[in-house]
Amino acid sequence: MRPLSSRSSEPSTTPSAALPTAPPAVPLIAKAHHGHGGRPRSEASRRAILDAVADLVTTVTPAQITIAAIAARAGTSKSTIYRWWTSRAELLFEALARITVPTLEFPDDADTATTLATQLEALQRLFADPYLGRLIIALTIEAQENPDTACALRRLWLAPRRDSAAHILQRGIARGEIRADIDLEIAIDQLFAPLYHRALYYSGTDRDAGGSGSCEENHDGNGNIDNNSSTIARHTAKAVEQFLAGAAAHAGRGNDSNGSQRP
């Protein structure tokens, strides 16, 4: 995760007010680098492989996005892909990371509550996306049994997002908006883990019914409970409000220089 104003070694798309809910036609391309075998990557071939993943995401199920299918769509060989990526999961998460770069951006001048709500809403929109969401969740489930997938999930998906959340919270502490004594790792879990819980167990759906577990709710054409923009915005606003009820710095409780709270 990164603020809009920060410099990055990877190019990103021009930010817009609306968060993307579907992958762009051409994934974002990072700087060229060497593959695992020490051989420079052919940027054209690499683009073709990442483009092939983006195409397959919107046309087949996650299980059908195999190395063979990617190689066929990209017009390359499986051995070429494995020369540059150690596993299918590593390739898929790298492609997902570039497709979803705009969801890691935030306005550097916004207050902490607004920025956190923007980040949570972006992630929830990803989970609600019928293509990207199902792939992310499928890989998350696969990671429970596959060490390569688990490693790629932590390194290429979770780590950048947790780093971004930590930056937002640290900035909030520096501005006096967040208590200086909070545990950042626990705070990030409190904010983002519920979204993964909802995505895994409720398909990212609205639980306004009170968590009764009833399946007789308003479903979309794919069998998922409808999760429209207003539902997502309402849920993320509530989540941030409740988090800040405990984490916000309050008047009369200033932060000491050593990070502790003054009564």
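With the simple model of a label 7 Å out from the Cα in the direction of the Cβ, T61 to A174 spans 4.8 nm. Less than 5 angstrom separates the built amide H of F106 from those of R2, L4, all sequence-distant by 5 or more or on a different chain.
Accessible surface of T76, taken over heavy atoms with a 1.4 Å probe and every protein chain present, rounds to 40 Å².
How do E185, E121, E241 rank by accessible surface area computed with a 1.4 Å probe, from largest to smallest? Could you put the intermediate results ahead of the total?
On the way: E185 105, E121 40, E241 125 Å².
My answer, sorted largest first, is E241, E185, E121.
Between Q242 and S79, 0.36 nm times their residue separation minus their Cα-Cα distance comes to what? Provide the component values of the computation, followed by the final result.
Numbers: separation 163, 0.36 × 163 = 58.68 nm, distance 4.99 nm.
That works out to 53.7 nm of additional length.
Note on S164: accessible area approximately 0 square angstrom, rounded to 10, probe 1.4 Å, nucleic acids and ligands left out. Put simply, the Cα atoms of region 77-201 extend 53, 30, 24 Å along their principal axes, the longest span coming first.
The values are calculated or read from the model by the stated rules, or taken from the named source; none is laboratory data. Small disclaimer: the values here were computed from a predicted structure and weren't measured. Cβ: placed from backbone, ideal geometry, glycine included. Neighbour counts: every protein chain shown. To get the accessible areas, we keep the full protein, side chains included, count just its heavy atoms, and leave off ligands, DNA and RNA. Shrake-Rupley method; radii C 1.70, N 1.55, O 1.52, S 1.80 Å.
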